[in-house]
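Take a look at the structure below.
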Amino acid sequence: MDKSSALEYINQMFPNEASLSGVEPLMQKIQNEIRTVDAGILAAVRQQSNSGTKAKEDLAAATRAVEELMYKIREIKTKAVQSETMVQEICRDIKKLDFAKKHITTTITALHRLTMLVSAVEQLQVMASKRQYKEAAAQLEAVNQLCSHFEAYRDIPKIIELREKFKNIKQILKSHVFSDFSSLGTGKETEETNLLQQLSDACLVVDALEPSVKEELVNNFCNRELTSYEQIFEGAELAKLDKTERRYAWIKRRMRSNEEIWKIFPSSWHVSYRLCILFCKKTRKQLEDILSNLKEKPDVGTLLLALQRTLEFEDELAEKFGGGTQNREIANEIEEIGRGANSSNNASDIRKKYEKRLAAHQGSESEEKNGTKDLAVPGAGFNFRGIVSSCFEPHLTVYVELEEKTLMDSLEKLVQEETWDIEEGGQSSVLSSSMQLFLIIKRSLKRCSALTKSQTLFNLFKVFQRILKAYATKLFARLPKGGTGIVAAATGMDGQIKTSDRDERVICYIVNSAEYCHKTAGELAESVSKIIDHQFADGVDMSEVQDEFSAVITKSLVTIVNGLETKFDIEMAAMTRVPWGTLESVGDQSEYVNAINLILTTSIPTLGSLLSPVYFQFFLDKLASSLGPRFYSNIFKCKQISETGAQQMLLDTQAVKTILLEIPSLGRQTSSAASYSKFVSREMSKAEALLKVILSPVDSVADTYRALLPEGTPMEFQRILELKGLKKADQQSILDDFNKHGPGIKQTQITPTIAPAPPVAPVVPSPTAALGLVGSREDVLTRAAALGRGAATTGFKRFLALTEAAKDRKDGPFRKLFNP
């Protein structure tokens, strides 16, 4: 402890004088402890001295042990090397003996096999000379196996001699077998009873020989069998298209008569299968020559009969040998054309089924390109369908021309016999000619798809397109001609369209028929694309035909609107003949309004019941875009309009607006009436605004016109002044003021700069331009609305009184203004 701690300790031990008496005992105790510590230190020093010496002795002992171990390891290694040398010297002679034994064993085995090979070759030579085919076949297998053991000794003279001898024997066997098979089919098999058995054994020899021998033998046999066929049907008498059926009868008869004889061939050779392939190829070549050498177009009946018999023969071969796949469900696919929308699940199943069929068809065609695989075994990818019939494809133009003529004649007959009417209560509102036309097209498609699915079917599809376009033209021609009004001006039609109630029904039938044709044409294209060969599928498209029928639908709906416009002509003229300038009082709605209501209530229910919601909505849009602006422009055609006349005309305008808004309800199609109602309200509001301008006082007519009709023109405004009955002199001052202030109020963008208020607002300028602009516009609009409501005229107060009284009545023309 440090000095300060020692002092504190002493002071703690002896805090006062009385405690000093314990100094001596404490000193004695400390001395004892010092002596004890010194003794301990001395003992530890002695012990440490003894331990260092022992450690040195232990280290020296360990070093000596390691040296002894290393010596023993070197001694063991030396003895191991000596032992290995001793073993090698002992085994050297044994290894030589082992190699000698191995070589002697190999030599004995080779000599033994050589003896067997020499003996087998000699026996095979004897068998070949005696034509013992069954025994020779087994011996051939044995010799082949023995020869495989001597591949490493090919350069030894004796082996070369034996291999050459064996090769000659095989050549002798081949010549004997070919010689014996040459007698097959000559009648010798009936005279020599053992000939067939001998030929059956010869097939075993052929299997034992190289594969090329079998190929050559089968090809020779097939060519020899078909030699007589070529000679018979290359003659002038039978080398004709109408004799095609006899070709297939010949091969069938040949196969039936020789069925038992041909059983001598192993089933793995597939001789009948290969014979039929070769027959089809030779037949195709002969038919191509016949068709190409024709001096004039072939007779369609003869051509189709030959093609039909060829297809039947190909089907028989495909069924017999299992090559290719037939689209047996194509007829069902064609039958679905024009039957309407089935359930989505059924349509999906049909689509998946025919996609798989098309994929399988494409796969078989790709495999057919492999000539080696074609001639291998039945079902290996060779497709008999089309192997012969495809040669007719370039010459089927006459068939397509005949189909087109037949379809055109049928179309003309259907249109001539069309009544353009449908019995009430019928399930469909489509013309019978439309459905009958697609039935005829389906029959034509069935006929063609049964004959070919290649270029000819694609050409026939083009014919279908032309037929349907011609039918669209027929429907277009049946529509009433002429037109008038805004729609007519937009479409470029001249004259007026006068339509009766029957005409309107016929037009609706034409719309529905065009819609049916549009949909069914798409189904027809989809079916043809599934049936036709895949390389033509991309070209199968009915979009142009569908566009034709869409144009017919549009023209038909516009024609209905034009017909109604023509019916409105008389009522619009009657409106201009009403003496609006001398009218004394406001009464019920005018007669022309009642006539307009009668026209619409007569036509709209029929149109709504026959047209689909989509096309009825299109009709409504066209009608609203025609009648609203026309009513507005017709007001300008009137002569002078007094205050009372304007009030009566405003009442008529509201009545016409109500009638137009009720059209969706009349047609019983209110699902999409919201947009139509909004459009009608906007268009008829323009006419109401025009009449409110006419009702306004002369001193504020310009402000009212600018406020209610901001898009108006100076010419329109001048005509309004004429309708109010103002004189030329009075008109000029108002026109000058109108032109000075501009045709209408426009919302100017507010900027932070101070500018004077627009001159159209007779108010005190505000401190800022923005406040002045807002105040002037609101003031003008408020005054114009008040003037439009007739607040400044006693005549309009009488009109308001009439309308208030009409609210309490249960009937009458005024009541329509307040019906919801």
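The values are calculated or read from the model by the stated rules, or taken from the named source; none is laboratory data. Everything numeric in this text was worked out from a predicted model, so none of it was measured. When we count neighbours, we look across all protein chains shown, and the Cβ atoms used for this are built from the backbone with ideal geometry, even at glycine. Areas reflect the complete protein model, heavy atoms only, side chains present, ligands, DNA and RNA absent. Shrake-Rupley method; radii C 1.70, N 1.55, O 1.52, S 1.80 Å.
Okay, here's what the table says:
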read-out	value
Theoretical FRET efficiency, 1/(1+(r/R0)^6), r = Cβ-Cβ of ALA239 and LYS167, R0 41 Å, to 0.05	0.35
Protection proxy ranking of 645-656, 139-150 - average other beta-carbon atoms within 10 Å, highest first	645-656, 139-150
Label point distance in nm, GLN732-GLU316, each placed 7 Å from Cα along Cα→Cβ	10.7 nm
Label-point separation, HIS534 to MET715 (7 Å along Cα→Cβ), nm	6.6 nm
Å² of accessible area per residue within segment 90-147, as computed with a 1.4 Å probe and no ligands counted	69 Å²
Percentage, to the nearest whole number, of Cα pairs in segment 1-159 over 23 Å apart	76 percent
Prolate/oblate/rounded label for segment 5-85 (Cα gyration tensor, a/c 1.5)	prolate
Segment 87-196: trypsin sites (Lys or Arg not before Pro) in DSSP coil with no more than 11 other Cβ atoms inside 10 Å	ARG154
Full-extension gain in nm, SER212 to LYS519, via 0.36 nm per residue minus C-alpha separation	104.6 nm
Extended-chain gain in nm, criterion 0.36 nm per residue less alpha-carbon gap, ARG447 and GLN197	85.0 nm
Accessible surface, segment 524-657, averaged per residue in Å² (probe 1.4 Å)	35 Å²
Whole-percent carbon and sulfur share, accessible surface of segment 580-721, 1.4 Å	54 percent
5 angstrom amide H check on CYS638, placed H, neighbours 5+ away	none
Rh by Kirkwood over Cα pairs, then Stokes-Einstein D for segment 537-661 at 0.890 mPa s and 25 °C, µm²/s	147 µm²/s
Student exercise, segment 1-112 dipole from Lys, Arg, Asp, Glu Cβ charges, in Debye to nearest 20	1260 debye
Between segment 94-140 and segment 598-625, the Cα center-to-center distance that results, in Å	104 Å
Carbon/sulfur fraction of accessible area - segment 125-254, other protein chains in place, 1.4 Å, %	48 percent
Per DSSP, loop GluC sites (Glu not before Pro) in segment 689-732 with at most 13 further Cβ within 10 Å	GLU711
Share of carbon and sulfur in the accessible heavy-atom surface of segment 1-82 [1.4 Å probe, %]	61 percent
Accessible area per residue, Å², segment 402-484 with all protein chains present, probe 1.4 Å	47 Å²
Extension gain (nm, one decimal) between SER21 and VAL698, 0.36 nm per residue minus Cα-Cα	229.6 nm
Selection from ALA142, SER51, VAL126, by position along the positive dipole direction of segment 7-160 (Cβ)	VAL126
Peptides ranked, highest mean first, by Cβ atoms within 10 Å: ranges 117-129, 212-224	117-129, 212-224
Efficiency of FRET between SER685 and GLU544 - r from beta-carbon atoms, R0 35 angstrom, step 0.05	0.25
Of every Cα-Cα pair in segment 380-419, the percent that sits beyond 11 Å	72 percent
Using a Förster distance of 22 Å, the FRET efficiency for GLU722-GLU584 (Cβ separation, nearest 0.05)	0.55
Cα-projected label distance for MET408 with GLU33, points at 7 Å along beta-carbon direction, nm	14.1 nm
Those lysines that a straight Cα-Cα span of less than 19 Å connects to LYS657, excepting residues fewer than 8 apart in one chain	LYS567, LYS622, LYS678, LYS686, LYS692, LYS807, LYS816
Segments 294-303, 511-520, 384-393 sorted - mean Cβ within 10 Å per residue, highest first	511-520, 384-393, 294-303
